[in-house]
1. Against the definition (touching a residue at least 12 places away in the same chain (Cβ under 8 Å), open to solvent by less than 10 Å² (accessible area, probe 1.4 Å), assigned to a loop (DSSP other than H, G, I, E, B) and more than 11 Å from ligand 2 (Cβ to nearest atom)), how does VAL197 come out, yes or no?
2. Only one of (1) in contact with a strand residue (DSSP E or B) (Cβ under 7 Å, 6 or more places away or on another chain); (2) under 28 Å from ALA85 (Cβ atoms) is not met by GLY154, so which one is it?
3. For the range 26-84, list the strands (runs of 3 or more DSSP E) that sit wholly inside it and hold at least 3 residues that are free of Cβ contacts under 8 Å to residues at least 12 places away in the same chain; which are they?
4. Any idea how many residues of the range 113-142 are more than 14 Å from ligand 1 (Cβ to nearest atom) and open to solvent by 20 Å² or more (accessible area, probe 1.4 Å)?
5. Residues being part of a strand (DSSP E or B) and either among the basic types (Lys, Arg) or out of contact with any Ser or Thr (no Cβ under 8 Å at 6 or more places or on another chain) (or both): count how many of those fall in the range 104-126.
6. So which residues in the range 61-112 are buried (at least 21 other Cβ atoms within 10 Å of the Cβ) and among the small types (Gly, Ala, Ser)?
Amino acid sequence: MTPDLFDALEDDALPATQPLAPGAVLLRRFARPRDEVLLAGVAQVIAQAPLRHLVTPGGFRMSVAMSNCGGLGWVSDRSGYRYDAKDPESGRPWPAMPAAFLDLAATAAQAGGFEGFAPDACLINRYEPGTRLSLHQDRDEGHYDWPIVSVSMGLPAVFLFGGGRRSDKAQRIPLAHGDVVVWGGPSRLHYHGVLPVKEGVHPLTGPCRINLTFRKAG
Ligand code: MD6
Ligand code: FE
């Protein structure tokens, strides 16, 4: 059996929409029909605002490489985490959010039950094999009225989705190319993370996983 056929058979056995918690849903393969357009958007953005390894307030270099597009970008340095309208590397505004990004984020949010999502921030993350993201909450937005929409492309990963407390047991959710996770409402502040990405090469992204995280930060 070819790997592709095996993938297709596995897909058939899984629901397209899988509830994870109240307000949280996995939309399997939701972004796949638009993957090439989205990755072209990523290439455009990172040509203007290159991926970089931020430093945490504690002084550690993050293993995930990051950039942003949209009116606000998430940044971290020795002084803390924050949203900033300018790329601190260049002093220029972050690149505009490609129309395909806005459209995907809005339609995915709608499929997750959140009508009218208009994100002003898109964080682009590149995970190379071995890269992980430890359990955290997304709480730098200052208000939690809108969901987080997280799009996975390229290499697969295991997403950890916990509860409102760090000690709550986390579900392990395998994410494949094109999968989208939406979490908002009662699960907006749920802890989440990504286990170390395994070695591999994806036909569209090469040896990495690209994640887009959409938020309303302003
Ligand atoms: C993911 N990413 O990569 C989920 N949060 O599947 C995140 O939760 C995330 O990549 C805050 C900042 C960057 C991220
Ligand atoms: Fe997060």
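The values are calculated or read from the model by the stated rules, or taken from the named source; none is laboratory data. Bear in mind the structure is a predicted one, so any value in this text is a computation, not a measurement. Using ideal geometry, Cβ is built from the backbone for each residue, glycine included, and neighbour counts are taken over all protein chains shown. Quick note on the areas: whole protein, heavy atoms, side chains included, nothing else; ligands and nucleic acids left out. Shrake-Rupley method; radii C 1.70, N 1.55, O 1.52, S 1.80 Å.
1. Answer is yes for this residue.
2. (2)
3. Working: elements: 65-69, 73-77, 80-84.
Fully inside the range 26-84 and qualifying: nothing.
4. Filtering the range 113-142 down to residues more than 14 Å from ligand 1 (Cβ to nearest atom) leaves 113-118, 120, 129-130, 142.
Filter once more, keeping what is open to solvent by 20 Å² or more (accessible area, probe 1.4 Å): 113-116, 118, 120, 129-130, 142.
Final tally of qualifying residues: 9.
5. Filtering the range 104-126 down to residues part of a strand (DSSP E or B) leaves 121-126.
This time we only want the ones that are either among the basic types (Lys, Arg) or out of contact with any Ser or Thr (no Cβ under 8 Å at 6 or more places or on another chain) (or both), so: 121, 126.
Within the range 104-126, residues that are part of a strand (DSSP E or B) and either among the basic types (Lys, Arg) or out of contact with any Ser or Thr (no Cβ under 8 Å at 6 or more places or on another chain) (or both) number 2.
6. Listed by number, the residues that qualify are SER67, GLY70, GLY73, ALA105, ALA108, ALA109, GLY112.
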